[in-house]
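Participant: This structure is in structure tokens; I'll ask about it shortly.
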Amino acid sequence: MRKKICIVYTGGTIGMMPTQQGYAPQPGYFAQSLAQIPDLKSEDMPDWELVELCPLLDSSNIAAAQWHIIGRTIFERYHDFDGFVVLHGTDTMAYSASALSFMLENLNKPVVFTGSQIPLCRLRSDGRDNLTNSLLIAAQGVVRQVCLYFGGVLLRGNRSTKSSADGLQAFSSPNYPVLAHAGVDIRFNHSVIGNPSPSGPLQLVEPQDVPIGVLKIFPGIQFDLFAPILTQNLRGIVLETFGTGNLPDDNGSLLPLIQKAFTHGSIITVCSQCHQGAVHLGTYATSSPLKQAGAVSGLDMTTEAAVAKLYYLFSKGLDKQTIKYWMEQDLRGELTPV
């Protein structure tokens, strides 16, 4: 019996058409484009059905409200399909894939994010290959989690990050192996797939519009300039620090700010600007103030995963200490436990 896959089209480059203002998504246009791809009608392809969201969005405009719409679309159709392919713009695809990995509790079917760097309407579009292989991967059901396929490789969704603005291999997974390669055959790396074991039926956690900020540390940063940001109602803060969690002292001005933010209820999660490696607070003296002030280590999480995880944990209504605890624990394969 042929598998049945739901294609969820959110917008993004893959289905855009040229307009006077540049490439933009147009309602109904993408369905016409799919009808012109012979491979999608092959006997080797699964059956598929297209769900076009409204409004269609450039991924730069996708945030927590849109994550909920995507999650709700999957949740409501979960028992009708064997897997899902989410077509999404590349700019924030890693954020959305990370968010859905947390929001869809007890997921036991493939959810494959993909898109393209070149629209389907262009001659050299990479969208045909990305869509075809994503459908085949979803139909095989080997990887039953949220993942991201692009440019011949399948990545865990919450380990992915966009690493190229114009290359056809636009995404990488700096701290976790590739789940599959698509060459002559689709070769799965079974030893690292690590599908979770569901403890019950699928549940959808609606992400709340929680105030969360990301602050990238740079040489010569003057923390006093960021004092209003760090203390005005921010529930979660992701600090992108140097190396394993290091940052400049700035004459001791950071520690009081961090302590004040923590007192106000903010959760400070420390990630690294380095693509590979992990945060280890307290290894160097320059990271000790963060540890003393109550910051938590993001270990080897991407910034995208850390932001999405904060949204998820706050949306569950957990208290500050519980959120701090779970930020350092592996929930969906997003970090490597110490």
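The values are calculated or read from the model by the stated rules, or taken from the named source; none is laboratory data. The shown structure was predicted, so the numbers you read here are calculated from the model rather than taken from an experiment. FYI the Cβ positions are ideal-geometry reconstructions off the backbone, even for glycines, and counts take in every protein chain you see. What goes into the accessible areas is simple: the full protein's heavy atoms, side chains included, and nothing from ligands, DNA or RNA. Shrake-Rupley method; radii C 1.70, N 1.55, O 1.52, S 1.80 Å.
Participant: LEU123 to LEU168: extension gain in nm, 0.36 nm per residue of separation minus the Cα-Cα distance?
Facilitator: 14.8 nm
Participant: From the square roots a ≥ b ≥ c of the eigenvalues of the alpha-carbon gyration tensor of the range 261-338, which class results: rounded (a/c under 1.5), prolate (a/b over b/c), or oblate?
Facilitator: On the way: a/c = 1.93, a/b = 1.13, b/c = 1.71.
It is oblate, given that a/c is not under 1.5 and a/b is not larger than b/c.
Participant: Any idea what angle helix 303-315 forms with the longest principal axis of the chain, computed on alpha-carbon atoms, 0 to 90 degrees, nearest 10?
Facilitator: The answer is roughly 80 degrees.
Participant: May I pose another question? Which whole-number value in Å² is the accessible area per residue of the chain, probe 1.4 Å? Before the final figure, lay out each step's value.
Facilitator: Values: 14940 Å² over 338 residues.
For the chain, the solvent-accessible area averages 44 Å² per residue.
Participant: Next question, about the same structure. Probe radius 1.4 Å, ligands and nucleic acids ignored: give me the carbon and sulfur share of the accessible area of the chain as a rounded percent.
Facilitator: Solvent-exposed carbon and sulfur of the chain make up 50 percent of the total.
Participant: Let me ask something additional. Does anyone have the angle between helix 93-103 and the longest principal axis of the chain? Alpha-carbon axes, 0 to 90°, nearest 10?
Facilitator: 80
Participant: In whole Å, what are the extents of the range 195-328 along the principal axes defined by its C-alpha atoms, from largest to smallest?
Facilitator: Answer, in whole Å and largest first: 52, 32, 20 Å.
Participant: Going through the range 268-338, which chymotrypsin sites (Phe, Trp or Tyr not before Pro) have at most 15 other Cβ atoms within 10 Å and a DSSP loop state?
Facilitator: Within the range 268-338, the qualifying chymotrypsin sites (Phe, Trp or Tyr not before Pro) (loop, at most 15 other Cβ atoms within 10 Å) are TYR284.
Participant: Another question about this same structure. If you take every DSSP beta bridge whose two residues both sit in the range 1-54, what share of them, in percent to the nearest 5, is antiparallel?
Facilitator: Here the antiparallel bridges make up roughly 40 percent for the range 1-54.
Participant: Would you please classify the overall shape of the range 206-252 from the alpha carbon gyration tensor, given that a ≥ b ≥ c denote the square roots of the eigenvalues, rounded means a/c under 1.5, and beyond that prolate means a/b larger than b/c while oblate covers the rest?
Facilitator: Details: a/c = 3.32, a/b = 1.65, b/c = 2.01.
Because a/c hits 1.5 or more and a/b fails to exceed b/c, the range 206-252 counts as oblate.
Participant: Under 20 Å between alpha carbons, and skipping anything fewer than 8 positions from LYS320 in its own chain: which aspartates and glutamates qualify?
Facilitator: GLU206, ASP209, GLU328, ASP330
Participant: Please identify the GluC sites (Glu not before Pro) of the range 11-82 that satisfy two criteria: DSSP loop assignment and at most 13 other Cβ atoms within 10 Å. Which are they? Each step should come with its number before you reach the end.
Facilitator: On the way: sites: GLU43, GLU49, GLU52, GLU76; in loops: GLU43.
The qualifying sites are GLU43.
Participant: Also, quick follow-up: Measure up LYS3/LYS316; LYS41/LYS109; LYS162/LYS216; LYS109/LYS309; LYS4/LYS316 against 29 Å on the Cα-Cα distance and list the ones that go over.
Facilitator: Flagged as over cut-off: LYS3/LYS316; LYS4/LYS316.
Participant: Still on this structure: For the chain, what proportion of DSSP beta bridges, expressed in % and rounded to the nearest 5, is antiparallel?
Facilitator: Given both bridge residues lie in the chain, the antiparallel proportion sits at roughly 35 percent.
Participant: What nm value, rounded to one decimal, do you get for the distance between ALA31 and SER60 when each label is placed 7 Å out toward the C-beta?
Facilitator: With each label placed 7 Å out from Cα toward Cβ, I get 2.9 nm.
Participant: Turning to a different aspect of this structure: Search the structure for amide H atoms under 5 Å from the amide H of GLY213, placed 1.01 Å from N in the peptide plane, and list their residues when 5 or more places away or on another chain.
Facilitator: GLY236, ILE237, VAL238
Participant: 5 Å is the cut-off here: which amide hydrogens, built 1.01 Å from N in the peptide plane, fall below it relative to GLY89, excluding neighbours closer than 5 in sequence?
Facilitator: Residues meeting the criterion, in which the H sits 1.01 Å from N, are GLY12, THR13, SER59.
Participant: What list of ³J(HN,Hα) values in whole Hz, one per residue of the range 197-214 in order, does the Karplus curve 6.51 cos²θ - 1.76 cosθ + 1.60 (θ = phi - 60°) give from phi, with Gly and Pro shown as x?
Facilitator: Karplus-based 3J(HN,Hα) across the range 197-214 equals 9, x, 9, x, x, 4, 10, 10, 9, 6, x, 8, 7, 8, x, 10, x, 10 Hz.
Participant: Hey, another quick one. Quick check: residue separation of ASP330 and THR19 times 0.36 nm, minus the Cα distance between them. What number comes out in nm?
Facilitator: Computed gain between ASP330 and THR19 is 107.5 nm.
Participant: Right, something else. Name the residues whose placed amide hydrogens come within less than 5 Å of the amide hydrogen of THR161, ignoring near sequence neighbours (fewer than 5 apart) on the same chain.
Facilitator: SER172
Participant: In addition: Residue separation times 0.36 nm, minus the C-alpha to C-alpha distance between GLU206 and TYR284: what's the value?
Facilitator: 24.2 nm
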